[in-house]
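The values are calculated or read from the model by the stated rules, or taken from the named source; none is laboratory data. From a predicted model like this one, the values you see are computed outputs, not experimental measurements. So basically every Cβ, Gly included, is an ideal-geometry build from the backbone, and we count neighbours across all protein chains shown. With ligands, DNA and RNA removed, areas are computed over all heavy atoms of the protein, side chains included. Shrake-Rupley method; radii C 1.70, N 1.55, O 1.52, S 1.80 Å.
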Amino acid sequence: MKFTLRIWRQRGPNERGGFVTYPVDDVSSDMSFLEMLDALNQRLIVAGEDPVAFEHDCREGICGSCSLVIDGVPHGPDRGVTTCQLYMRRFVDGATITIEPWRAKAFPIIKDLVVDRRALDRIMQAGGYISVNTGGAVDANTLLIGKEEAETAMDAASCIGCGACVAACKNASAMLFVAAKVSHLALLPQGKPERTRRVMAMVRAMEREGFGSCGNQYECEAVCPKQISVRFIALLNREYLRASLTETRLSTRSDSSHGESY
Amino acid sequence: MGSHVITLDPQVPPGPLEMKWDRRRFSGHLVSPANKRRIKIIVVGTGLAGASAASTLGQLGYQVECFCFHDSPRRAHSIAAQGGINAAKNYQDDGDSVARLFYDTIKGGDFRSREANVYRLAQISTQIIDQCVALGVPFAREYGGQLANRSFGGVQVSRTFYCRGQTGQQLLLGAYSALCWQIERGQVTMRPRTEMLDVIVVDGHARGIVVRDLVTGRLSAHTAHAVVLATGGYSNVYYLSTNASGCNVTATYRAWKQGAAFANPSFTQIHPTAIPPVGVHQAKLTLMSESLRNDGRLWVPVSPSDRRPPNEIPPSERDYFLERRYPRFGNLVPRDVASRAVKAICDEGRGVGPGGQGVYLDFSDVIRQQGIDVVRERYGNLFEMYERITGENAYEVPMRIYPAPHYTMGGLWVDYNLMSTIPGLFVIGEANFADHGANRLGASSLMQGLADGYFILPYTIGHYLATVHSPPIPEDHRASRAALERVEVRLKKLVQAKGRQRTAASFHRALGKILWDYCGMSRCAAGLRRALEAIPSLREEFWRDVVVPGSGEAFNQELEYAGRVADFLEFAELMCHDALHREESCGAHFREEYQTEEGEPRRDDEQFAYVAAWEYREGETPVLHKEPLNFEFVQPTARSYQ
Amino acid sequence: MRQAAQLVDVARSKLMASLAGLVLVGFVIVHMLGNLQVFEGSDAINGYASVLRDMPIFLWTARAGLLTAVVVHVGLTVRLALRNRQGRPVPYTLRRYRAASVASRTMALTGSLLLMFIVFHLLHLTVGIIDPAAPHGMDAQGRMDVYGKIIHAFRNPLYVGIYVGGQLVLGLHLSHAVSSVFQTWGIAHAALDRLFKLAGPGVALFVVLGNLAIIFAVFLGWVRT
């Protein structure tokens, strides 16, 4: 198979980027999309050119590293998969394929197709956890969790943090990501004690990072490789509303209350 | 370098097996809370072991600096583990116990692991599940709300806890969330996109590391009171493996060069059920969960010349080779046994698919008996993945599978306290050699990573820190400068090597082929000697011909990769030395010279019941040290699954 | 400005904007239902108008409320839209949508057009300064002749065109807005989600068809003079 690739090249965060066109031939239909890029890079290296920087690691759709917008869709034309799980047999021989990075203010470009997604980590650090010390946990079966409940929590927890939801959103909003994280813990009894603080802290962190707001267009769900439902966004909104109404502010130092656990 | 003499003292506490860990915890000195705040610990790697260790150390009050080469600590390769995590909870009341998990693990490891370590692992396994549930890991549940279990990987009890096919991801997200909490509290400083390139050793103690900032290319030295390596395994030395593309040996290998002994480097696990490779473009092998063998049957045509499509071959002309050879366990034999059987079949020329590399994994019987919906419910996502990759529908035609390098039991030698032969350098998770002997059972790696990180290291490192006098050292200490210089020289050499324009990947592929052929699923002295000749010359070619574009002072993925390949090219030799010296077959290490007439491995407990720990000597062959394995509590038996 | 936009409490702004929007949705429904009385003849609608005018406190409170809702809704959504625009400083060269409806993608546009249309509509039929030729007189009972105004306006193809355009814009805006409210307020339910999804287009269709019925009926002369 043969393709014409239009790839976004950008040397650094503050440099101007632009498209460069690369013809590739000898592409086997058994190749994955990233293997096709590997082959291009091998050629570029031998020719003394700078290979195309792109992120990848597990190459089996779970680590969330790969992050390409292919022909205008994050993770490309297949649904429910990451870029690394996309195979060339999916494309028409001779096609021109446009490859861009995730684009969002909160995801500055590092090089070419590699972006900085630490904003998602900072949202998690703001509250995406259950404050429980190692050791001393009660027997796991002490806590009964209905199958339905556990499965729904698992649906939310399956988020791989790739950021495709942000890339697809017209407003570059991280709502689906935050919704998945908040819902996962809010649905489980272990997560209940901190739910008010958690949702407020995470939503505020998201706003601080410069992500846009949710426009309820559901592009995020349509590109999510784990097909996480936008119903979790509704759940996040509900959690937020609940927290806004119940956050009493009686304890103004609630954010530093962990101090006593030293 | 090698300034201290290596002594292998396993530091196993005396007394009955069940009491050893309790005794160690009691006898260990404690660090006072006030002092903890002044103690800095470096943790390298954020997989299950690294993230759980860093978060727990932070919670205890130490100042932790944590490094990973990913953009986020959540992406480490633990995330890809599918199957589950073992624990001796005996929730199913099917006869499980700590003793049984201990025995299964030590037998599964073919009696090449340390009893005390394995017993401790089995003891701690139950606490891990409690801890993970408390952190919000959404394990599968029964309708009544209790935890669900499945049986997994060649054992006869149901002790595996799981989260669909994403157990590794959920456990890692649990550890990562704990880490996030400690980052938020200011106890852990997280440094993503940094790669560790050397260890700083001062007066024989590990006191820091040299890292490269992968975005700017800047090198820097970081000092601390102790260093923890949780940098994973080295299956990628084979080029094609089920590991993530970033997995590498660099951290542990550089530590080896600074004096940490490397134990059993040739013990590498080849997983039987991966999708067969199809061409040179292949960048990785995709694992199909071991659970598929619960229902799928492995077979090949009886006749090598049979080229009919699988569905046209009548049952009488099929060879269900695992069921034939191992009637008691059938398709559920442990990984090493299954992999070897598949390889033997393919070597006979009876393999199927491109290049004869593959055997059928057939679900037609279970589909007929239980219906397609049952199969779809159990394995739907795996079948989908298989179709996406191969373009074949496994509900209609049998899957083709072939073994793939998956896990490395070998790693840096550690004592019972998880400390390497460099005092102050602790090694946890897949990076150490400890608990799996010569073969790891399914669903045990997650257990070990979390046991090390949450429950063992935080205790044992405290004892070290409480008993050692380590004066503060400045970041520009002589030893730091020396380490920085070593790294700098090497990087410069890589960037400047611009010879006959061969890429690092092409060398890596060539190295992988040598190892796969001679130090893979089966080994022989002649082949290993051939490999030991081929590897140095390939390495020489590499340094002469490799081309690394760009500079070291910028984001440069090819430079990162070339550096890792350079280390693999040295490390591979160590693997072959180890495989050559071990003149027996045990676990995943199968020496063709040492087998029974039926082709089963022949272990030699008289001569080889020891851990082979190798010491680095500059410009010389590595020196072997032996830690004898004394089996006080179990009697090594022939590991038969027939 | 950039800094200020960052400090918007986005989540709360959205809730407030949707609440204000909901008030406006309620108004357009009632407005449409009230105007349907055109079909009952001049007496009915002029009577309806005069009842409203006979309750000045109610009328002006309602007007003030509506004005507040408009100001809050427009103010907050404009601020959000500006902030959202900053979310992606460098746009994609190629963009394919999978799920986003045309309505959802054009909310800012339809919102702006709608605002212009409302201003026009107020000046035209409420204040009555757009079309000086329109009847300003009273009907036989001495009430304001709303009926006459409507008939006059919608016999004119120019106004019919403008109002039909306004209805299309209103329909698009409502069809996304109403369904969105459920999501924004976290009202999700496995069994009812489809209903919520259909609520937007449903309400939009209801309002637009009602209004269009009046316009076309007058234009085509089906309404008795």
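Rounded to the nearest 10 degrees, the inclination of helix B:504-518 to the longest alpha-carbon principal axis of chain B is 60 degrees. Counts of other chain beta carbons within 10 angstrom of each beta carbon in peptide B:185-196 average 2. Of the GluC sites (Glu not before Pro) found in the stretch B:505-612, those that fall in a DSSP loop while having at most 14 other beta-carbon atoms within 10 Å are B:553, B:583, B:592, B:593, B:597, B:598. Scanning residues 5 or more positions from residue A:113 or on other chains, those with amide H under 5 Å from its amide H are A:53, with H placed 1.01 Å from N in the peptide plane. The calculated FRET efficiency for residue A:242 paired with residue B:634, based on their beta-carbon distance and R0 = 60 Å, is about 0.60. Counting, for every residue in B:172-182, the Cβ atoms of other protein chains within 10 Å of its Cβ and taking the mean gives 6. Angle of helix B:98-108 to the longest C-alpha principal axis of chain B, folded into 0 to 90 degrees and rounded to 10: 80°. From the residues C:66, C:92, C:102, which one has its Cα farthest along the dipole of the stretch C:1-133 in the positive direction, the dipole being from +1 and -1 charges on Cβ of Lys/Arg and Asp/Glu about the Cα centre? Result: C:92, furthest along the dipole toward the positive end.
Buried surface between chains A and B: roughly 6400 Å² of accessible area, summed over both sides, computed with a 1.4 Å probe on protein heavy atoms only.
Chain C contacts chain A over a buried accessible area of about 3800 Å², both sides summed; the probe is 1.4 Å and only protein chains count.
Estimated at 0.36 nm per residue, the fully extended path between residue C:61 and residue C:29 surpasses their Cα-Cα distance by 9.7 nm. Think of each Lys and Arg Cβ as +1 and each Asp and Glu Cβ as -1; about the Cα centre, that makes the dipole of chain B roughly 1220 debye.
Other residues whose C-beta falls under 13 angstrom from the C-beta of residue C:14 contribute a net charge of +1, scoring Lys and Arg +1 and Asp and Glu -1. For chain B, the residue among B:6, B:79, B:625 whose Cα projects farthest onto the positive side of the dipole built from Cβ charges is B:79.
In a DSSP loop and with at most 13 other Cβ atoms within 10 Å, the trypsin sites (Lys or Arg not before Pro) in the stretch C:126-225 are C:224. For the stretch B:444-496, the set of trypsin sites (Lys or Arg not before Pro) satisfying both a DSSP loop assignment and a count of at most 10 other C-beta atoms within 10 Å is empty. Accessible surface for the stretch B:483-592, divided over its residues, is 35 Å² per residue with a 1.4 Å probe. In a reduced charge model with +1 at each Lys and Arg Cβ and -1 at each Asp and Glu Cβ, the stretch A:95-234 shows a dipole moment near 420 debye about its Cα centre.
Count Lys and Arg as plus one, Asp and Glu as minus one, and take only other residues whose Cβ is under 12 Å from that of residue A:56; the net charge is then -3. Put a plus charge on the Cβ of each Lys and Arg, a minus charge on the Cβ of each Asp and Glu, and nothing anywhere else: the dipole of the protein assembly as shown about its Cα centre is then about 3100 debye. Take each residue of peptide A:120-128, count the partner chain Cβ atoms within 10 Å of its Cβ, and average: the result is 6. Expressed as a whole percent, the accessible area of the protein assembly as shown that falls on carbon and sulfur atoms is 56 (1.4 Å probe). List the residues of the stretch B:273-294 that lose 40 Å² or more of accessible area once all protein chains are present, compared with their chain alone (1.4 Å probe, heavy atoms only, no ligands or nucleic acids). Buried by 40 Å² or more upon assembly, which counts only protein chains, are B:281, B:283, B:284.
Charged neighbours of residue C:62, selected by a Cβ distance under 14 Å, balance to +1 (K, R count +1; D, E count -1). In the context of the full set of protein chains, residues of the stretch B:272-406 present 40 Å² of accessible surface per residue (probe radius 1.4 Å, heavy atoms only). With the charge dipole of the stretch B:478-609 set up from +1 on Lys and Arg Cβ and -1 on Asp and Glu Cβ about the Cα centre, the Cα lying farthest toward the positive end among the listed residues B:568, B:587, B:501 is that of B:501.
For residue C:14, a cut-off of 30 angstrom between C-alpha atoms picks up these lysines, skipping any fewer than 8 places away in its own chain: A:105, A:170, A:181, A:192, A:226, C:197. To the nearest 10 degrees, how steep is helix B:48-60 against the longest Cα principal axis of chain B, on a 0 to 90 scale? In chain B, helix B:48-60 runs at an angle near 40 degrees to the longest axis.
Highest mean packing comes first when the peptides B:72-84, B:499-511, B:442-454 are listed by Cβ atoms within 10 Å, giving B:442-454, B:72-84, B:499-511.
The contact residues of the stretch C:163-193, meaning those that lose at least 40 Å² of 1.4 Å-probe accessible area when all protein chains sit together rather than their chain alone, are C:183, C:185, C:186, C:188. Sorted largest first by accessible area at a 1.4 angstrom probe radius, with every protein chain in place, the residues B:220, B:241 fall in the order B:220, B:241. Measuring nothing but how far apart in sequence close Cα pairs (under 8 Å, 6+ apart) lie, relative to its length, chain A scores a relative contact order of 19 percent. Say a paramagnetic label sat at a point 7 Å from the Cα of residue B:526, along Cα to Cβ; which residues of the stretch B:567-596 have their backbone N under 13 Å from it? From the stretch B:567-596, the list is B:592-593. Net length available on complete extension from residue B:306 to residue B:623 is 109.1 nm, with 0.36 nm assigned per residue and the Cα-Cα distance removed.
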